[in-house]
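For reference, the structure discussed in these notes is given below.
The values are calculated or read from the model by the stated rules, or taken from the named source; none is laboratory data. Quick caveat: nothing in here was measured; it's all calculated off a predicted structure. Positions of Cβ are generated from backbone atoms using ideal geometry, with glycine treated the same way; all protein chains shown enter the neighbour counts.
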Amino acid sequence: MERDDVIEYSLDAHHSDEDGKKIRKKIWIVTALLSIITIVEVGVGVLWPRNALGADSGAWLSIKLFYIVLTLVKAGYIILTFMHLGDERKSLKYVILVPYIIFMIYLMFIAFVEGSAINAIWAS
Amino acid sequence: MAGHATKQMDAATLWGGNESPFSVSYGKMMMWFFLVSDALTFGGLLVAYGTIRYTYTGIWPSGEEVFHHFPLAGEAHLPLLYVAFMTFILIVSSVTMVLGVEAGHRMDKKGVIKWLALTIVGGFIFLGSQVWEWSHFIHGSEYGKITMADGSVMKAHYDHGTHEFKGFEVVQDGSKYKIGEEYEELHGDHAVALYKSIEENEPYRIVKGANLYENEYGPSHYGQFFFFITGFHGFHVFSGVIINILVLLMVIKGTMHKRGHYEMVEKTGLYWHFVDLVWVFVFTFFYLV
């Protein structure tokens with residue numbers, strides 16, 4: 001049965017064999033990248049473990065930052081390529097990402113500041 | 001991907017009605033909204049974990065030391081290798097999923113079946129790995145964690161080859177023993193005798209493995225967050241596998257082909273990638289950092 005009140009946007013989500021080849025190539029490149037990042041993360045952990053560096057040392061702090069940056073890179077590739085949010089309209093992309101990111105930054109700020117304050121009291 | 005979303009349209013047409021301003025179907029948009037709300041749950045759990053870590057004054061367990069076992073490798077010290085393997089499995093199953101979605105866009109039924117089936121296999125391997133990891137975590141090590149008479153908490157050190165007890169390390173301050181300081185009586189023969197006497201006379205002071213109340217790796221919160229975060233994630237993987245199986249059956253039956261598009265595969269794909277995405281964050285914040 002044909003319905004004219006429903007606009008099926010997904011019907012347009014088709015592509016040719018040639019486009020498919022390009023998309024598959026991109027998928028494999030991203031796969032290699034994600035695997036390499038994971039190997040690097042584990043390798044860094046094996047070479048410079050936290051307990052050898054000291055949990056409060058500057059070296060461990062920079063490794064932590066390095067991990068967080070790599071995690072965000074991985075997350076970016078998964079969201080934008082695998083979930084192809086990067087190919088959707090900008091309006092959808094920002095509706096999904098911006099409120100979430102703002103809220104999480106706020107939540108982390110408020111919770112971690114509070115956590116450190118409690119730590120300072122318990123430690124004294 | 002090619003399709004409606006990449007079509008050039010001026011703002012007046014796009015926002016003037018009779019047209020989805022986001023150029024996505026209702027189902028896909030709702031899947032995105034669900035994923036945002038689910039991401040808030042996981043974000044809340046990880047932030048809660050971080051907050052507890054910030055408040056804790058002792059030494060927080062290091063993932064490299066807690067998770068260094070590999071199936072069939074015995075006591076070999078292989079830090080995080082198995083968790084890395086699990087991460088890799090999940091990434092690969094995410095790749096097979098996205099290849100299935102791509103095949104769907106070409107109306108390639110056989111391709112969708114092949115990639116979706118492989119995705120399900122990846123999901124089962126991950127779940128199995130998690131079962132192994134949980135059982136190892138619950139089972140624990142040979143000597144465990146010891147609470148001393150002065151209230152301090154010690155971790156047992158032992159030779160991974162000969163299984164011989166070597167000494168204590170302070171992980172939480174007591175009235176006598178403090179973190180980071182060396183005490184002669186906590187090493188060598190004296191320590192072995194001390195451990196034996198505790199084992200015989202006050203076995204309740206030794207904790208081995210983990211349950212919801214206490215664990216040998218660190219504070220009780222550590223085990224609780226481990227069970228809750230990886231458990232909640234594992235539950236997501238499990239339901240993802242079930243949904244994937246249902247969609248695979250529909251694809252095999254030809255439901256999608258008759259419908260003229262494979263959007264259902266795309267929507268379950270979004271969920272499956274999300275599960276991978278969450279694991280990337282769990283891997284960093286629970287295991288690595």
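Summary table below
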quantity: Test set (1) within 28 Å of A:E114 (Cβ to Cβ); (2) touching a residue at least 60 places away in the same chain (Cβ under 8 Å); (3) facing chain A (nearest Cβ under 7 Å) - B:W32 fails condition number; calculated: (1)
quantity: Those helices (runs of 4 or more DSSP H) lying entirely in the range B:13-105 with at least 1 residues basic (K, R) and in the same structural domain as B:A117 (by TED's automatic domain parsing); calculated: B:26-55
quantity: Considering residues of the range B:129-175 that are under 20 Å from B:Y204 (Cβ atoms) and among the acidic types (D, E) only, the residue nearest to the chain's Cα centre (by Cα); calculated: B:E142
quantity: Verdict on A:T71 being facing chain B (nearest Cβ under 7 Å), in contact with a helix residue (DSSP H, G or I) (Cβ under 6 Å, 6 or more places away or on another chain) and modelled with pLDDT of 90 or more; calculated: yes
quantity: Test: residue in the range B:87-104 that is under 30 Å from A:E18 (Cα atoms), at pLDDT 90 or above and either among the charged types (D, E, K, R) or out of contact with any helix residue (DSSP H, G or I) (no Cβ under 9 Å at 6 or more places or on another chain) (or both); calculated: yes
quantity: Complete set of residues in the range B:11-29 that are away from chain A (no Cβ under 11 Å) and either within 13 Å of B:E266 (Cβ to Cβ) or among the β-branched types (V, I, T) (or both); calculated: B:T13
quantity: Tally of residues being among the aliphatic types (A, V, I, L, M) and at the interface with chain B (Cβ under 7 Å from one of its Cβ atoms) across the range A:43-54; calculated: 1
quantity: Condition met for B:D189 (among the charged types (D, E, K, R) and either assigned by TED's automatic domain parsing to the domain that holds B:I243 or touching a strand residue (DSSP E or B) at 6+ places or on another chain (Cβ under 6 Å) (or both)); calculated: no
quantity: Of residues in the range B:256-270 being surrounded by fewer than 21 Cβ atoms within 10 Å (Cβ to Cβ) and more than 10 Å from every other protein chain (Cβ to nearest Cβ), the one nearest to B:G234 (Cα to Cα); calculated: B:M256
quantity: Members of the range A:74-98 found to be more than 8 Å from every other protein chain (Cβ to nearest Cβ) and either touching a residue at least 60 places away in the same chain (Cβ under 8 Å) or more than 22 Å from A:K25 (Cα to Cα) (or both), listed by number; calculated: A:K90, A:K93, A:Y94, A:L97, A:V98
quantity: Selection within the range B:241-276 - farther than 12 Å from B:L116 by Cβ and touching a residue at least 24 places away in the same chain (Cβ under 8 Å); calculated: B:G254, B:H257, B:H261, B:E263, B:K267, B:L270, B:Y271, B:H273, B:F274, B:V275, B:D276
quantity: Count of residues meeting criterion [facing chain B (nearest Cβ under 7 Å) and either part of a helix (DSSP H, G or I) or in contact with a Gly (Cβ under 6 Å, 6 or more places away or on another chain) (or both)] in the range A:11-42; calculated: 15
quantity: Residue within the range B:186-209 that is within 14 Å of chain A (Cβ to nearest Cβ) and crowded, with 18+ Cβ neighbours inside 10 Å present; calculated: no
quantity: Failed criterion for B:K253 (all others in (1) closer than 19 Å to B:G111 by Cβ; (2) within 14 Å of chain A (Cβ to nearest Cβ); (3) charged (D, E, K, R) hold); calculated: (2)
quantity: Members of the range A:74-91 that are at negative phi and modelled with pLDDT under 90; calculated: A:L85, A:G86, A:D87, A:E88, A:R89, A:K90, A:S91
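Results for (1) within 16 Å of the chain's Cα centre (by Cα); (2) within 21 Å of A:Y77 (Cβ to Cβ); (3) within 8 Å of chain A (Cβ to nearest Cβ); (4) surrounded by fewer than 17 Cβ atoms within 10 Å (Cβ to Cβ), shown as yes or no for each residue.
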site	(1), (2), (3), (4)
B:H77	no, no, no, yes
B:Y82	yes, no, no, no
B:M86	yes, yes, no, no
B:S93	yes, yes, no, no
B:V98	no, yes, yes, no
B:D108	no, no, no, no
B:I113	no, no, no, yes
